[in-house]
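So the structure is just underneath, and the comments pick up after that.
The values are calculated or read from the model by the stated rules, or taken from the named source; none is laboratory data. Just so you know, these numbers come straight off a predicted model, no measurement behind them. We place every Cβ from the backbone using ideal geometry, glycine too, and count neighbours over all the protein chains shown. To get the accessible areas, we keep the full protein, side chains included, count just its heavy atoms, and leave off ligands, DNA and RNA. Shrake-Rupley method; radii C 1.70, N 1.55, O 1.52, S 1.80 Å.
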Amino acid sequence: MEQRAVNSSALVQEFVVANRLGIHARVAAQIARVACRFESEVLMTKCGITVNGKSILDLMTLICPYGSKVHVSAKGSDAAEALNELAALFQTKFGEP
């Protein structure tokens, strides 16, 4: 999972939802909790729809079942750290099978 810059200050990384239940309420809460710890703007995009990565409800509107590909972008002074922590969530399947 390689980070790439969209413009001079935004980083984007693609993730695959690998947990069986996809992004449901508890997982959305985990993502939002991590994103809220950073000053950077965090956005998640799937199929051309972009939502606020700090909002549980917004994240759930993306409807991301198992195997979905999503792009997470972070823009701000701590963008790289935000993406690294979010990457860890996706890599560990949010603590689910």
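Can Ile23 be described as β-branched (Val, Ile, Thr) and on the phi > 0 side of the Ramachandran plot? Steps first, please.
Working: β-branched (Val, Ile, Thr): yes; on the phi > 0 side of the Ramachandran plot: no.
No: the conditions fail for Ile23.
Does Pro97 count as open to solvent by 20 Å² or more (accessible area, probe 1.4 Å), without any contact (Cβ under 8 Å) to a residue 60 or more places away in the chain, on the phi < 0 side of the Ramachandran plot and not in a helix (DSSP H, G or I)? Show your work before the answer.
On the way: open to solvent by 20 Å² or more (accessible area, probe 1.4 Å): yes; without any contact (Cβ under 8 Å) to a residue 60 or more places away in the chain: no; on the phi < 0 side of the Ramachandran plot: yes; not in a helix (DSSP H, G or I): yes.
No: the conditions fail for Pro97.
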Check your understanding: So which pairs qualify, if the first residue must be in the stretch 39-56 and over 17 Å from Glu85 (Cβ atoms) and touching a residue at least 24 places away in the same chain (Cβ under 8 Å), the second must be open to solvent by less than 60 Å² (accessible area, probe 1.4 Å) and part of a strand (DSSP E or B), the Cβ gap must be under 6 Å, and the two must be at least 6 apart or on different chains?
Key -> Lys46/Val70
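For the stretch 30-65, which residues satisfy the criterion of being closer than 17 Å to Phe15 by Cβ, touching a helix residue (DSSP H, G or I) at 6+ places or on another chain (Cβ under 7 Å) and hydrophobic (A, V, I, L, M, F, W, C)? I'd like the intermediate steps shown before the answer.
Going through the stretch 30-65, the residues closer than 17 Å to Phe15 by Cβ turn out to be 30-35, 38, 40, 42-54, 58-60, 62-65.
Cutting the leftovers down to touching a helix residue (DSSP H, G or I) at 6+ places or on another chain (Cβ under 7 Å) gives us 30-32, 34-35, 38, 40, 42, 44, 51-54, 59-60.
Correct list: Ile31, Ala32, Val34, Ala35, Phe38, Val42, Met44, Val51, Leu59, Met60.
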Exercise for review: Take the stretch 34-85 and flag every residue that is of a type in the set (A, V, I, L, M), open to solvent by 30 Å² or more (accessible area, probe 1.4 Å) and assigned to a loop (DSSP other than H, G, I, E, B).
Suggested key: Ile63
